[in-house]
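The values are calculated or read from the model by the stated rules, or taken from the named source; none is laboratory data. Here the structure is a predicted model, which means the values were calculated and not measured. Cβ placement follows ideal geometry from the backbone for every residue including glycine, while neighbour counts extend to all protein chains displayed.
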Amino acid sequence: MNTALLPMFAGVPLAVAGLLAVITPRGWLRTALFLGPSALGLAASSYLLWLTRDGEVYSHNVALWADGISIPFVVDTFSALMLWTTALLVLVCSGFAVAVRDHMQPFFPALVLVLYAGVSGALLTGDLFNLFVFIEVMLLPSYGLLAMLGALGRLRAGRIYVTVNLLTSTIFLAGVALVYGAAGTVHIGELAGQASESPMVAVGMGVIILALSIKAAVVPVHGWLARTYPRASPAVTALFSGLHTKVAIYAIYRLYAMVFDGDSTYLWIGIVAFCATMLIGVMGAVGEDTTRSILVFHMISQIGYILLGVALFTEIGLMAGIFYLIHHMIVKASLFLSTGAIEHTHGTGALDRLGGIAKREPLLGLVFMGAALSLAGLPPFSGFVAKLTLVIGAVDAQQWAAAIIMIVVSLITLMSMLKIWGGVFWGKAPDTDAVHEPSDESGSVATAVAPPKIRAGLLLPGLILTATTLCIGLGAQVLLSLSAEAAQGLLDTSAYIEAVLG
């Protein structure tokens with residue numbers, strides 16, 4: 001493999017974003033340039049996934065500069081899995097944005113592509129400072145995307161989002177400075193296992209993981225997410241749900257495995273925090289009355305599930321956590337896009353202003369129900385395999401309380417998803433406005449207006465992702481084997497260290 005192509009995962013979207021910002025084409029060319037980088041990234045990441053499926057690790061120093069100077073790009077099974085899922089989500093969510101014509105907004109395609117470039121760079125970099133840089137590249141366009149389109153109150157939500165992320169970035173940078181001051185390097189390969197040898201490195205990495213936990217919306221620092229994501233446009237909310245918090249989760253997995261070497265001393269903190277995240281997130285969903293606010297609280301709850309894998313830090317726990325991470329990115333985006341199609345067509349996501357959609361839109365009902373059942377962990381969808389494997393991992397590690405909490409939270413998740421189903425898809429459609437037409441006798445006759453139909457272009461993105469979670473559930477062995485290989489790479493980091501340090 002020509003490893004010099006690895007930087008292109010960040011370089012190509014950035015270059016196309018610059019082109020779109022300068023020439024602002026119209027029509028099919030604008031759409032092609034918008035969708036092209038993620039389609040190309042999906043094909044390229046599929047090739048990387050094939051190359052790394054047996055545990056191979058590839059690295060490249062940009063411009064062949066020496067370690068400590070260059071930006072290192074590293075890919076293994078874990079990062080290849082994340083790259084593939086990221087490209088799929090960006091492509092599908094961008095397709096939804098084209099369907100609702102969000103992409104005609106000035107700079108919208110360019111901002112999405114810069115976001116994609118930042119995420120790709122963060123997933124591939126092997127350097128703490130450059131991880132900080134790529135996360136900032138990811139966040140900067142997000143401020144514009146949040147404020148550009150969405151519901152009333154998006155500017156206030158944008159202020160909260162900017163404030164929290166600026167503070168978190170400052171904390172992250174302070175942690176990087178502490179690590180560099182203690183170890184003299186921020187190269188992840190050179191930092192392998194140093195947290196157990198140097199207390200100051202452990203403190204610095206603790207500060208970094210704290211910052212990443214805020215970005216991942218772990219309880220008790222989760223409130224910012226619930227107050228911002230529902231205010232963005234449906235396409236942007238789906239994009240954020242699959243990328244922003246997941247980059248932070250990926251980094252927590254990677255850094256704890258590399259720098260702390262899976263040290264069991266601190267794992268109890270994660271188990272407590274992540275179980276609390278599961279419980280508080282799902283209880284928050286119970287009290288909400290709009291589709292997106294319910295789904296956002298479920299997102300917080302599911303983050304607890306995903307991170308529990310790294311808190312267990314066993315082979316089956318890490319495998320289950322990585323499987324859950326990929327599953328959740330796909331399913332949550334599907335749910336946001338399905339409900340986003342309803343919001344765009346009917347102008348609301350309030351449960352008490354919708355109803356009877358399953359009778360009028362049976363395909364949309366199937367798409368939503370499939371993703372909802374997967375989120376709740378029912379077969380034959382990927383969520384069943386993800387939750388079952390994680391429960392087995394918790395029992396194997398003798399974390400009985402965590403296993404019980406997971407099962408209880410799954411039941412509450414199912415109940416609140418049924419709440420959306422009952423309010424939006426089932427029951428009776430709300431009263432519609434009447435149109436008065438002329439009549440020979442009384443002068444006018446009131447005729448009910450039929451509810452608008454949801455266009456096929458709005459259904460397709462959610463359908464693709466729901467079909468993906470069904471395929472993953474039916475052929476779970478494929479993703480389980482890749483997740484197991486990724487977990488093995490976190491347990492034994494020697495291949496990663498050898499690849500990046502030669």
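Summary table below
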| quantity | calculated |
| --- | --- |
| Qualifying residue in region 280-291 (condition: of a type outside the set (Gly, Ala, Ser), farther than 26 Å from LEU81 by Cβ, surrounded by fewer than 24 Cβ atoms within 10 Å (Cβ to Cβ) and touching a strand residue (DSSP E or B) at 6+ places or on another chain (Cβ under 9 Å)) | yes |
| Residue ID - farthest from PHE240 (Cα to Cα), chosen from residues in region 282-311 that are touching a His at 6+ places or on another chain (Cβ under 7 Å) and not β-branched (Val, Ile, Thr) | ALA285 |
| Residue in region 311-333 that is surrounded by 24 or more Cβ atoms within 10 Å (Cβ to Cβ), in contact with a Pro (Cβ under 9 Å, 6 or more places away or on another chain) and closer than 20 Å to LEU81 by Cβ present | yes |
| Residues being farther than 15 Å from ILE303 by Cβ and either out of contact with any helix residue (DSSP H, G or I) (no Cβ under 7 Å at 6 or more places or on another chain) or surrounded by fewer than 18 Cβ atoms within 10 Å (Cβ to Cβ) (or both) - total across region 211-241 | 1 |
| Qualifying positions in region 311-357 - within 20 Å of LEU123 (Cα to Cα) and hydrophobic (A, V, I, L, M, F, W, C) | LEU318, MET319, ALA320, ILE322, PHE323, LEU325, ILE326, MET329, ILE330, ALA333 |
| Meets criteria (of a type outside the set (Phe, Trp, Tyr), more than 18 Å from PRO7 (Cα to Cα) and surrounded by fewer than 24 Cβ atoms within 10 Å (Cβ to Cβ)) for LEU146 | no |
| Residue satisfying condition, being at pLDDT 95 or above and small (Gly, Ala, Ser), within set ALA226, ALA285, ALA251, ALA232 | ALA251 |
| Residue check, ALA183 over 17 Å from LEU210 (Cα atoms), surrounded by 19 or more Cβ atoms within 10 Å (Cβ to Cβ) and in contact (Cβ under 8 Å) with a residue 40 or more places away in the chain | no |
| Condition check for VAL391: farther than 27 Å from SER94 by Cβ and touching a residue at least 60 places away in the same chain (Cβ under 8 Å) | no |
| Residue within region 156-167 that is at pLDDT below 95, farther than 20 Å from LEU88 by Cβ, touching a strand residue (DSSP E or B) at 6+ places or on another chain (Cβ under 8 Å) and crowded, with 16+ Cβ neighbours inside 10 Å present | yes |
| Exclusive hit being more than 25 Å from the chain's Cα centre (by Cα) and assigned to a helix (DSSP H, G or I), set ALA320, ALA341, ALA358 | ALA358 |
| Qualifying residue in region 389-399 (condition: modelled with pLDDT under 90, farther than 14 Å from GLN302 by Cα, buried (at least 22 other Cβ atoms within 10 Å of the Cβ) and among the aliphatic types (A, V, I, L, M)) | no |
| Those residues of region 344-355 which are over 23 Å from ALA97 (Cβ atoms) and part of a loop (DSSP other than H, G, I, E, B), in sequence order | GLY355 |
| LEU178 among the hydrophobic types (A, V, I, L, M, F, W, C) and either in contact (Cβ under 8 Å) with a residue 40 or more places away in the chain or surrounded by fewer than 17 Cβ atoms within 10 Å (Cβ to Cβ) (or both) | no |
| Tabulated pairs, region 356-380, first under 17 Å from ALA341 (Cβ atoms) and among the hydrophobic types (A, V, I, L, M, F, W, C), second at pLDDT below 90 and in a helix (DSSP H, G or I), C-beta under 6 angstrom, 6+ apart or interchain | ILE357/VAL424; ILE357/PHE425; ALA358/GLY365; ALA358/PHE425; ALA372/MET417 |
| Residues that are assigned to a loop (DSSP other than H, G, I, E, B) and under 17 Å from GLY304 (Cβ atoms), drawn from region 361-393 | GLY377 |
| Condition met for LEU325 (outside any helix (DSSP H, G or I) and of a type in the set (A, V, I, L, M, F, W, C)) | no |
| Meets criteria (touching a Gly at 6+ places or on another chain (Cβ under 7 Å) and in contact (Cβ under 8 Å) with a residue 60 or more places away in the chain) for PRO72 | yes |
